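Contents: one structure, followed by commentary.
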Amino acid sequence: MNYIVMDLEWNQSTSALGENPRLPFEIIEIGATKLDQKFNITDQFGAIIKPRVYRRLQPKIKEILAYDETYLKTGRPFDVVYREFKKWCGEDIVFCTWGPLDLTYLQQNMDFYYMKQLSFPLKFYNLQEIYAIQKYDDRKQTPSLEKAVSELEIEINAPFHCAKNDAYYTAMIFQKMDHKRLADMYSIDYYHYPTCAEEEIFSQHQNYCEFISRTYETRKEALEDKNINLLRCNKCNKKLSKKIKWFSNNSNTQICVGRCWNHGLVCGKIRFKPARDGEIFVVKTTENIDKKEYLRIQSRQNDLRMKRREKRIHRKH
Ligand SMILES: [Zn+2]
């Protein structure tokens with residue numbers, strides 16, 4: 001098995017009107033570094049892609065990119081480069097990226113050219129998230145690649161914002177990480193989601209469980225499905241009674257809290273994700289929380305209730 005640390009550079013339309021809805025982000029470079037099972041760097045890949053949809057660089061992208069339009073003209077078409085990349089990757093690989101976007105945009109570009117899809121479900125390591133957990137004990141912190149490189153005192157000998165170099169820096173960060181619990185820290189890519197119950201994905205991790213549902217026509221239909229609204233313990237899978245029932249935390253998420261007599265307080269979170277044709281699918285996670293977090297959620301729910309009540313009173317007067 002090999003790890004493929006992949007990084008992409010992409011471009012987008014310079015105007016909203018000029019955007020192709022099937023390809024909002026056009027890949028202009030694929031960079032990658034290969035590591036073996038013992039995390040030794042064994043090979044590097046880098047190729048420039050000649051853009052077909054957006055030939056001019058979007059100004060903000062142009063500003064940070066290590067090269068310009070003239071250099072892009074030396075590139076080759078996406079499908080040619082991607083086939084070469086796939087061959088270079090070989091079989092039995094796991095993708096690793098800095099953040100969750102690269103695999104989404106890669107698959108979007110593959111779909112644009114009607115290419116064969118990646119495997120499903122697609123497991124990968126989001127090294128930015130793993131770094132944040134190990135360094136700051138906070139998965140929501142998302143440090144830039146430059147920041148992590150400087151924090152780890154990795155020597156900077158090539159410019160950032162060139163996919164080949166960024167992949168190499170990311171691979172060096174990966175080498176310096178704690179690999180003990182790595183096998184448990186994979187993410188699942190949501191670009192291709194389950195379309196029927198048989199394809200639904202349930203993955204149990206040491207500290208949380210994740211469930212990726214089939215599609216539903218409406219949120220209401222999803223919330224009425226037992227598979228969605230039942231709260232189970234992330235450790236023993238026992239059905240739990242709720243201390244706080246599902247409530248809308250914001251426009252896209254619902255939260256609830258239950259208690260397992262063996263494993264304590266469990267927080268359930270539902271995120272609605274857009275699917276094709278206006279449908280939705282659900283990503284549900286369950287994880288243990290402490291008393292402090294429970295009280296925070298309770299006061300959040302009360303605040304939201306108060307706000308709604310105030311709004312109603314305002315409307316009456
Ligand atoms: Zn339990």
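In this structure, does CYS267 turn out to be modelled with pLDDT of 95 or more, out of contact with any helix residue (DSSP H, G or I) (no Cβ under 8 Å at 6 or more places or on another chain) and within 16 Å of the ligand (Cβ to nearest atom)? Against the criterion (modelled with pLDDT of 95 or more, out of contact with any helix residue (DSSP H, G or I) (no Cβ under 8 Å at 6 or more places or on another chain) and within 16 Å of the ligand (Cβ to nearest atom)), CYS267 does not qualify. Just give me the residues in the range 248-259 being in a strand (DSSP E or B) and within 24 Å of the chain's Cα centre (by Cα), in sequence order. Result: SER248, ASN249, ASN250, THR253, GLN254, ILE255, CYS256.
Of the strands (runs of 3 or more DSSP E) that lie entirely inside the range 1-115, those containing 2 or more residues that are of a type in the set (Phe, Trp, Tyr) span 2-11.
Flag: ASN234 matches the condition of being touching a Phe, Trp or Tyr at 6+ places or on another chain (Cβ under 6 Å) and either within 16 Å of the ligand (Cβ to nearest atom) or among the basic types (Lys, Arg) (or both). Filtering THR253, THR286 for residues that are closer than 30 Å to THR195 by Cβ and within 14 Å of the ligand (Cβ to nearest atom) leaves a single hit, THR286.
Restricting attention to the range 237-266 and to residues that are over 18 Å from GLU224 (Cα atoms) and touching a Phe, Trp or Tyr at 6+ places or on another chain (Cβ under 8 Å), the residue that is surrounded by the fewest Cβ atoms within 10 Å (Cβ to Cβ) turns out to be LYS243.
In the range 218-231, the qualifying residues are those that are part of a loop (DSSP other than H, G, I, E, B) and either among the hydroxyl-bearing types (Ser, Thr, Tyr) or within 20 Å of PRO274 (Cβ to Cβ) (or both), and the one that is nearest to the ligand (Cβ to nearest atom) is ASP225. For the range 55-90, filtered to residues that are among the acidic types (Asp, Glu) and modelled with pLDDT of 95 or more, the residue that is nearest to GLN37 (Cα to Cα) is GLU84.
Residue-level analysis places ASN262 outside the set of residues that are touching a Lys or Arg at 6+ places or on another chain (Cβ under 9 Å), modelled with pLDDT under 95 and either within 16 Å of the ligand (Cβ to nearest atom) or in a strand (DSSP E or B) (or both).
Only residues that are part of a loop (DSSP other than H, G, I, E, B) and touching a residue at least 12 places away in the same chain (Cβ under 8 Å) were counted in the range 141-155, giving 4.
Among the residues of this structure, GLU200 does not count as one that is free of Cβ contacts under 8 Å to residues at least 24 places away in the same chain and of a type in the set (Asp, Glu). Candidates TYR168, TYR113: the one that is within 23 Å of GLU26 (Cα to Cα), surrounded by 20 or more Cβ atoms within 10 Å (Cβ to Cβ), at pLDDT 95 or above and not assigned by TED's automatic domain parsing to the domain that holds GLN206 is TYR168.
For the range 163-180, the criterion of being under 17 Å from the mean Cα position of the chain (by Cα) and under 20 Å from THR286 (Cα atoms) is satisfied by no residue at all.
In the condition set (1) touching a residue at least 40 places away in the same chain (Cβ under 8 Å); (2) more than 28 Å from CYS196 (Cβ to Cβ), ARG296 is compliant with all but (1).
Taken over the range 174-189, residues that are without any contact (Cβ under 8 Å) to a residue 24 or more places away in the chain and not hydrophobic (A, V, I, L, M, F, W, C) amount to 2.
Filtering LYS292, LYS242 for residues that are in contact with a Cys (Cβ under 6 Å, 6 or more places away or on another chain) and either within 16 Å of the ligand (Cβ to nearest atom) or outside any strand (DSSP E or B) (or both) leaves a single hit, LYS242. The sole residue among PRO159, PRO194 that is in a loop (DSSP other than H, G, I, E, B) and buried (at least 17 other Cβ atoms within 10 Å of the Cβ) is PRO194.
The values are calculated or read from the model by the stated rules, or taken from the named source; none is laboratory data. Predicted model, so just to flag it, every value in this text is computed and none were measured. We place every Cβ from the backbone using ideal geometry, glycine too, and count neighbours over all the protein chains shown.
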